[in-house]
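Okay, structure first, notes after.
The values are calculated or read from the model by the stated rules, or taken from the named source; none is laboratory data. Bear in mind that the values here come from a model prediction, so they are computed numbers and not experimental data. Virtual Cβ from ideal backbone geometry, glycine too; neighbours counted across all protein chains shown.
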Amino acid sequence: QTFSDSFAGFGSDSDEPIEIEATNLQVRDEDKSAIFSGNVVVIQGDAKLETERLIVFYEGSMANGTADGEPVQQSISRLEAKGNVLISSRDQVATGDDASFDMNEQLVVMTGERVVLSQGPNVIVGNRLVINLETGRANLDSSAPGSNTGRVRMLLQPNSLENEN
Amino acid sequence: QFDLTSAAEQSVDTSQPMLLEARELQYDFDNDVIIASGNVEIYFDDYTLRADRVTYNRADGRFSASGNVEMTEPDGNFIQADNLELSDDFAQGFVNALEIDTPQFTHFVAESAERANDNLTIFQNGTYSVYKKAPKPPLWRIKSTTITHNQQKQRIYFEDSSIELFGNSIARIPYFSIADPTVGRKSGFLLPSFVTQNRLGVGVSVPFYWTISPTYDLTATLTPLTRQGFLGQLEWRQRFDRGHYNVSLGAINQADPGAFEGSSGDVRGRFIINSNSNFDITNRWRTGWDVTYATDRAFREDYGFADFGSAQEVSRLFLRGETQRNLFHADALAFQIAQEDNPSPTQPMNPIGPFTMVNEDLQQKQPFVHPVIDNSIYFERPIFGGQLNYDGNLTSLTRQTTDAFFVNGENRFRGVEGTFSRVSANLTWQRTLIDPIGQVFTPFAYAKTNLFFLANADDNVTELTDDAVVFRGMPAIGLEYRFPFLSTFTGGNQVIEPIAQLIVRPNEAEIGELPNEDAQSIVFDASTLFDWDKFSGFDRNEGGVRTNLGLQYKLQFDKGSFVSGLFGRSFQLAGLNSYAVPGILDATGDSGLETDGSDYVTSLYFDTNTGFRIGGNARFNEHDFGVERAEVGASGRYGPASTVLSYAYLAERPDAGIDEQRSEFVGSLNLNLQENWRVFGSLRYDMINENIVQDTVGLGYIDEGFNASISYSEDRSRNNGEPVQRVFFFRFGLRTIGDTTLSQSNSSSDPND
Amino acid sequence: CQFRPLYGTSTTLTDDGMERTQTVPDQMASISLDFPSYGDSFAITNINQVMRNQLIFAFTRGGEPLPPKYRLEILSDRRRAEVGVERLADVPTAYNITVNSSFVLSNIETDATLLTGRSFASASFDFSSQRFANLRAERDAETRAAKVVAADINTRIASYFATHPEE
């Protein structure tokens, strides 16, 4: 199960329940956003997201959907995590300053001073990580605004060369 | 190694991590392909790979790099290519439009190259040259349709190739192979050299180098000569972990011996053998030998273009022990001289009486020295506040024929037939005291003791004492006084130093009644002025009360240039002047020390530290200040030219058998013309007889991959029935292809080097 | 330019007013000698040993050496030239030996180079038909040339210390 599948977990088509914990939640129905803050942890299946602040944008109204505890994500259009974001699923972990999940575009964009993507022993370091959940392609570059002409660095461990796929 | 995988045997250590750096990196999880772009750098085991774009498909383990690809291999090969495909353990690969530069600076360019099964690398339409990307076409290169490098056999095979000189093809060779340049000692023919010498004819010497085992090898050289036939040479070298030995042979069956008529070379069969060795017994003691034997004395000079190991006049067996300060040297010596006998009955210096003439039986007059031992010890602890050192010598030799000559109405002897031995032991104590105002006092004392054992086998030599054993001692006390003054100026300083020595000794006993084997040369100059005993050996001990006075001046600049000069004179104050009384040899008669007030001696050394330097010694007659002896040497570098000049004047020394003065100029010049060419020449001009004694002129070319030198020399100094010996010599070398430069280093000090 | 004794004791006042006599000979006695050797020939080994012994005596004046503060490295080379070769003479009249040396004086603690320089001297010996006498005369000429170079280096180092008193 590659990196991209695990991220799909946050996508709208997975049927796993999503639990979101945070110290406090502020719902602002007028602009259809819910703001979780204070070491927010989002867990779905074996994927996990940790951040300091998470803003969830959704279509439809939060009000009508929560009466019977229907899963909220059905109508999530975008997630925005701010402040040392960590996404992990099984042996893959990505950390950065902030990240945004665009469910319609199926794109995850993580930016930060040091965005680190590790899969088992392999580690990639850059400034901007774009994962296309559809094509399963992760694109890491160093052209994030404000960062100098940094370099993307990747350390591939040998044993990972013969991995299963 | 020059091929793609470096040493294929140890293919890439895939247990190592791979570090990849790029401006952008795409990681396709699903089919596990990594695409890196933006001056990608990959560090893997000892490889580095740079390219604009690298695609690494981890599924099928293929690397493909494109866009000015540069790869450096563990052993230093530097590969440039347009694009490159490699297996992920770098064992298989296909490169096209590549250039490889190897650590040996050999350079491969090929349209494409393929590496198969770790061992073979096949280049299509490649060129092999030893020039890095020289702007103009390299002097020479080899172009061929396929170049195959076989890793196991360490050879490079060229198919259907053309040798190009200055870019145009001079030879087409269907198939040939050379040794892989990384291999130092590889058997094979070395490049020939050409020689023309008036009595030998024209010749080509073709060396073959054969590495039989890692510790011993052989060079066999055959030189067919148009006039004298085949000169054969064999050189065998064997190395052990504690030392090495060489044996060199040279032999010829001369077709035209008459060419050497009037010299000892006028024989049909001529042969020479030399062997030298050096073995470490401990880290302080070494032993070995350097012996040469030739059937005739002129062989080495007549066939001078050839190299017979370290063949020379002196043959020695040696045992040497050294610490930092002390030494023990023992040598057994024998001589085979190259000088031709040249006796003439009308020679005024022929000895009176039953002796061989001057310049007759020169070889028989040489001694066998069995042995000569030098031993010197400096005692670490100061004794009475000063330094004590012991130095001793044992000399024991046998000579077949007396070497006599006649001068000033007396027979003199450079050597007497028989066996003569001497054991000497000297003790020297000295100490320096500096008083508050800066005067330097050095009291000293020494005692020389000599025990002579004489077995004079020539009863015509009555001058020698009849006693079989003679003791002679020479105690001395003395004082050296110096008062150096310093003055500084911006950029340097100068030192003026008056020096005075007083030495009080008894007279030297039995002068002229004892043999003189190791103190025959007496050159009184600035370097001997302040020697307490100016004799050059143990066989003579300076006696009587003598004072040496001198003034030393030094001017030195901070940026390194300096001038230093000395002027002085020596006086025999009392007692017998050892230099006035003629010894058995009477070499001191014209030394300048024979009068109570000696000649004046001076020396001057000047170095600009910017490439020019001049230095010399001179001795002026005590009465008329006329030059008795002067030797001046100068060397200079200016732009492309570098030159060494020397001038020498030696007045006649009748007592020493030199009946006319000598004056000579020697110059050599090396002029670097544009880039790789240079012209060189040297000249020795005899100013008294106004003729050229020796001269050489030559042209040299050297660049990264090719060197050649042509030299023509004339030597008129040899007395072998041939007024002028003319030698023309040409050699060349293509780097990595049969290089002829076999460096031969032997550490024994070679008097005729 | 006024002259003063090279080895005169110069009393300098240290900053705390203490009088400190600091003589050149003390500096010289704390020089340690080093002759880097690269597979030298017998002749160079002998020349290095003669220079070492001459300089040890010149520096310590026959007494005990002081703990080393300076290092003096000397690298030497030797040239031999034939002199007075005439036509048909087959042999020269004399040989001339030249010893060329370059030296570097450095401070052991700071490894700073204090003084570098070159020195050379030549001595000659007369040719005798007895080749053994030539060998011995050559050895003596090498020793004489080495002694002149050693004395030159000694004086130049003394003048360095006299003009660069230790801070």
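The set of residues from the stretch C:95-128 being touching a Phe, Trp or Tyr at 6+ places or on another chain (Cβ under 9 Å), without any contact (Cβ under 8 Å) to a residue 24 or more places away in the chain and of a type in the set (D, E, K, R) comprises just one member, C:R118. Assess whether C:I157 counts as being crowded, with 23+ Cβ neighbours inside 10 Å, within 25 Å of B:S521 (Cα to Cα) and more than 9 Å from every other protein chain (Cβ to nearest Cβ). No; evaluated as a whole, the condition is false for this residue. For B:F240, indicate whether it is more than 13 Å from chain C (Cβ to nearest Cβ), surrounded by 20 or more Cβ atoms within 10 Å (Cβ to Cβ) and not acidic (D, E). No, not satisfied. Of the strands (runs of 3 or more DSSP E) that lie entirely inside the stretch B:205-270, those containing 1 or more residues that are under 29 Å from the mean Cα position of the chain (by Cα) and within 18 Å of B:R297 (Cβ to Cβ) span B:229-240, B:243-253. Here B:F489, B:F535 are screened, and the one residue that is surrounded by 17 or more Cβ atoms within 10 Å (Cβ to Cβ) and aromatic (F, W, Y) is B:F535.
Close Cβ contacts (under 6 Å, 6 or more residues apart or on different chains) running from residues in the stretch B:318-338 that are farther than 23 Å from B:H370 by Cβ to residues that are surrounded by fewer than 18 Cβ atoms within 10 Å (Cβ to Cβ) comprise B:N326/B:I377. When the residues of the stretch B:591-631 are narrowed to those that are under 18 Å from C:D126 (Cβ atoms) and among the aliphatic types (A, V, I, L, M), which ends up surrounded by the most Cβ atoms within 10 Å (Cβ to Cβ)? Across the stretch B:591-631, the extreme among qualifying residues is B:V601. A:T111 meets all of the listed conditions (1) at pLDDT 80 or above; (2) surrounded by 21 or more Cβ atoms within 10 Å (Cβ to Cβ) but one, namely (2).
Tell me whether the stretch C:129-136 contains one or more residues that are more than 7 Å from chain B (Cβ to nearest Cβ) and either in contact with a Phe, Trp or Tyr (Cβ under 8 Å, 6 or more places away or on another chain) or closer than 30 Å to B:Q364 by Cβ (or both). Taking every residue of the stretch C:129-136 in turn, none turns out to be more than 7 Å from chain B (Cβ to nearest Cβ) and either in contact with a Phe, Trp or Tyr (Cβ under 8 Å, 6 or more places away or on another chain) or closer than 30 Å to B:Q364 by Cβ (or both).
Flag not set for A:R78, criterion: within 14 Å of chain B (Cβ to nearest Cβ) and either assigned to a strand (DSSP E or B) or surrounded by fewer than 18 Cβ atoms within 10 Å (Cβ to Cβ) (or both). When the residues of the stretch B:487-509 are filtered to those that are within 21 Å of B:M474 (Cα to Cα) and in a loop (DSSP other than H, G, I, E, B), which remaining residue is nearest to the other protein chains (Cβ to nearest Cβ)? Per the stated criteria, the residue is B:E508.
Against the conditions (1) crowded, with 17+ Cβ neighbours inside 10 Å; (2) modelled with pLDDT under 90; (3) on the phi > 0 side of the Ramachandran plot, B:E510 satisfies every one except (1).
Among the residues making up the stretch B:311-321, a single one is surrounded by fewer than 21 Cβ atoms within 10 Å (Cβ to Cβ) and part of a loop (DSSP other than H, G, I, E, B): B:E313. Across the stretch C:141-151, the qualifying residues are those that are surrounded by 24 or more Cβ atoms within 10 Å (Cβ to Cβ) and at the interface with another protein chain (Cβ under 9 Å from one of its Cβ atoms), and the one among them that is farthest from B:I496 (Cα to Cα) is C:A141. Does any residue of the stretch C:86-107 turn out to be of a type in the set (G, A, S), surrounded by fewer than 22 Cβ atoms within 10 Å (Cβ to Cβ) and at pLDDT below 90? Yes - at least one qualifying residue is present in the stretch C:86-107. What do you reckon, is B:R412 in contact with a helix residue (DSSP H, G or I) (Cβ under 9 Å, 6 or more places away or on another chain) and basic (K, R)? Spelling it out, B:R412 is indeed in contact with a helix residue (DSSP H, G or I) (Cβ under 9 Å, 6 or more places away or on another chain) and basic (K, R).
I'd like to know if the stretch B:438-449 contains one or more residues that are at pLDDT below 90 and over 30 Å from B:D655 (Cβ atoms). Yes, some residue in the stretch B:438-449 is at pLDDT below 90 and over 30 Å from B:D655 (Cβ atoms). Scanning the stretch B:16-55 for residues that are of a type in the set (S, T, Y) and facing chain A (nearest Cβ under 7 Å) gives a single hit, B:Y27. Scan the stretch B:179-204 residue by residue and report those that are in a strand (DSSP E or B) and at pLDDT 85 or above. Scanning the stretch B:179-204 gives B:S193, B:F194, B:V195, B:T196, B:Q197, B:G201, B:V202, B:G203, B:V204. Filtering the stretch B:404-417 to residues that are touching a residue at least 40 places away in the same chain (Cβ under 8 Å) and either crowded, with 17+ Cβ neighbours inside 10 Å or not polar (S, T, N, Q) (or both) leaves B:A404, B:F405, B:F406, B:V407, B:E410, B:N411, B:R412, B:F413, B:R414, B:G415, B:V416, B:E417.
Residue-wise test of (1) within 11 Å of chain B (Cβ to nearest Cβ); (2) not in a loop (DSSP other than H, G, I, E, B).
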{"residue": "C:P25", "(1), (2)": "yes, yes"}
{"residue": "C:L33", "(1), (2)": "yes, yes"}
{"residue": "C:G62", "(1), (2)": "yes, no"}
{"residue": "C:R87", "(1), (2)": "yes, no"}
{"residue": "C:S106", "(1), (2)": "no, yes"}
{"residue": "C:T110", "(1), (2)": "no, no"}
{"residue": "C:L115", "(1), (2)": "yes, yes"}
